[in-house]
Amino acid sequence: MSTPTPVTVTVTGAGGQIGYALLFRIASGAMFGPGTPVRLQLLEIPAGMKSAEGTALELQDCAFGSLASVEVTSDPSRGFEGANVALLVGSRPRGAGMERGDLLAANGAVFGPQGAAINAHAAKDVRVLVVGNPANTNALIAAAHAPDVPPERFSAMTRLDHNRALAQLARTLDVPVAGIGNVIIWGNHSASQVPDISHGWVQGPEGTRRPLPQALTEALGGTCSLESWLAETFIPRVAKRGAEIIAVRGSSSAASASAAAAAIDHVHDWVSGTTDSWTSAGVVSDGSYGVPRGLVSSFPVHSRDGAWQIQQGLEPGAEVRARISASVSELAEEREMVASMGLIERGHGRTGR
Ligand code: NAX
């Protein structure tokens with residue numbers, strides 16, 4: 001029997017909180033299946049090297065059958081060498097007194113060179129998931145520095161927001177999470193994100209499906225209207241879930257394990273394909289739904305043959321359209337800011353590249 005070819009996975013920020021929750025799951029086979037060997041390449045800055053090295057020792061001690069090798073480096077060219085999948089988790093956090101522009105500039109200095117290193121050293125089929133915030137614009141910057149990698153191989157993570165929305169709906173309707181489909185996160189992974197249930201369904205008896213708006217209206221039972229529940233409870237809860245977890249756990253880092261689970265889901269579905277429900281991912285806009293070309297915005301997506309495809313033909317209502325427009329304006333502003341700082345060329349992506 002021939003041994004399957006190993007998949008090389010680079011994880012930046014490997015010494016951080018999400019790295020610690022993510023690496024063991026990748027190594028155990030959760031991303032590609034237990035039969036696919038994985039080579040892990042952990043990329044850190046010098047300050048994070050000891051933490052990543054300690055994690056690498058523990059990875060060895062787990063004796064995972066699917067972990068082919070683990071290497072730790074602070075050299076991006078070594079870290080991205082032959083990468084089939086690159087998870088860009090490490091980023092510059094917002095420091096005290098930092099404005100949005102300062103944060104974008106600091107992260108431009110991280111994601112520009114990482115994009116260039118991916119361009120020069122990764123495998124031809126590399127797929128990149130940006131987790132580090134501001135994830136959408138960091139993905140845009142990285143893609144802009146990788147001219148030989150098709151832009152659609154760069155994506156930003158909104159799967160955690162998607163999963164949070166599914167979980168809230170499942171609890172409200174008292175059904176399993178797997179019984180809900182076609183929920184959408186539109187726009188930016190920020191407080192302006194747009195969780196949208198209007199095309200969703202919930203599984204009923206014997207394979208029947210009911211529209212989510214109808215099921216939710218019934219579940220609310222006249223205590224409040226669906227519109228006010230969405231605007232006052234559901235959307236803010238999904239968008240601010242990280243802050244809620246920080247407050248409850250009393251920890252400064254929000255949601256490492258759920259972020260890691262979302263990254264696993266995102267890459268798993270990208271590589272293996274989605275089933276009958278779409279999911280949400282930040283992908284380079286082709287102009288769909290009025291989102292300017294080239295912005296990395298969250299859309300409803302399917303994965304077919306290893307590529308994300310934006311679900312076409314939906315007709316969001318006026319309220320959702322207004323929210324999408326506000327979130328996309330924020331993304332356009334971020335693109336303007338990074339262009340004015342010289343981190344990407346002005347006009348980048350507007351003509352499809
Ligand atoms: P931590 O501060 O625990 O870890 C970050 C790690 O990245 C550190 O070890 C640091 O040394 C390393 N690092 C910094 N710059 C680097 C570089 N240039 N190359 C390689 N490594 C570098 O943060 P953690 O909790 O792990 O969060 C990581 C990022 O995920 C943050 O930007 C966070 O905001 C973002 N998140 C994104 C989410 C999403 O849904 N897209 C949700 C979770 C999380 O908030």
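Suppose we keep only residues that are part of a helix (DSSP H, G or I) and touching a strand residue (DSSP E or B) at 6+ places or on another chain (Cβ under 8 Å) within the range 263-273. Which one would you say is most open to solvent (accessible area, probe 1.4 Å)? Break it down into steps so the answer makes sense when it comes.
Going residue by residue through the range 263-273, those that are part of a helix (DSSP H, G or I) are 263-272.
The next check asks that each one be touching a strand residue (DSSP E or B) at 6+ places or on another chain (Cβ under 8 Å); those that pass are 263, 265-267, 269-272.
Details: ALA263: 2, ASP265: 51, HIS266: 1, VAL267: 4, ASP269: 25, TRP270: 5, VAL271: 59, SER272: 77 Å².
By that ranking, first place goes to SER272.
Select, from ASP174, ASP148, the only residue that is out of contact with any strand residue (DSSP E or B) (no Cβ under 8 Å at 6 or more places or on another chain), under 23 Å from LEU87 (Cα atoms) and free of Cβ contacts under 8 Å to residues at least 60 places away in the same chain.
Values: ASP174 fails: under 23 Å from LEU87 (Cα atoms).
Going through ASP174, ASP148 in turn, the sole match is ASP148.
Say we look at the range 150-169 and pick out the residues that are assigned to a loop (DSSP other than H, G, I, E, B) and buried (at least 19 other Cβ atoms within 10 Å of the Cβ); which of these is farthest from the ligand (Cβ to nearest atom)? Show your work before the answer.
Of the residues in the range 150-169, the ones assigned to a loop (DSSP other than H, G, I, E, B) are 150, 157-158.
From what's left, buried (at least 19 other Cβ atoms within 10 Å of the Cβ): 157-158.
Numbers: MET157: 4, THR158: 7 Å.
Here the answer is THR158.
Please determine, by comparing only the residues of the range 24-34 that are in contact with a helix residue (DSSP H, G or I) (Cβ under 6 Å, 6 or more places away or on another chain) and closer than 13 Å to ALA263 by Cα, which one is surrounded by the fewest Cβ atoms within 10 Å (Cβ to Cβ). Please lay out each step first, then the result.
Initially, the range 24-34 is screened for residues in contact with a helix residue (DSSP H, G or I) (Cβ under 6 Å, 6 or more places away or on another chain), giving 25, 27, 30-31.
Next cut, closer than 13 Å to ALA263 by Cα only: 25, 30-31.
Details: ARG25: 15, ALA30: 18, MET31: 24.
That would be ARG25.
Here is a yes/no grid of residues against (1) open to solvent by 40 Å² or more (accessible area, probe 1.4 Å); (2) in the same structural domain as SER192 (by TED's automatic domain parsing); (3) assigned to a loop (DSSP other than H, G, I, E, B); (4) not small (Gly, Ala, Ser):
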| residue | (1), (2), (3), (4) |
| --- | --- |
| ALA281 | no, yes, no, no |
| TYR289 | yes, yes, no, yes |
| PRO300 | no, yes, no, yes |
| PRO316 | no, yes, yes, yes |
| VAL320 | no, yes, no, yes |
| SER325 | yes, yes, no, no |
| ALA339 | no, no, no, no |
| GLU345 | yes, no, yes, yes |
| GLY349 | no, no, yes, no |
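Looking only at the range 9-51, count how many residues are more than 7 Å from the ligand (Cβ to nearest atom), assigned to a helix (DSSP H, G or I) and within 23 Å of the chain's Cα centre (by Cα).
Result for the range 9-51: 8.
The values are calculated or read from the model by the stated rules, or taken from the named source; none is laboratory data. Worth saying up front: this structure is predicted, and the values here are computed from it rather than measured. A quick note on method: Cβ atoms are made from the backbone with ideal geometry, for glycine too, and the neighbour counts reach across all protein chains shown. For the accessible areas, the whole protein counts, side chains as well, though only heavy atoms, and no ligand, DNA or RNA atoms are used. Shrake-Rupley method; radii C 1.70, N 1.55, O 1.52, S 1.80 Å.
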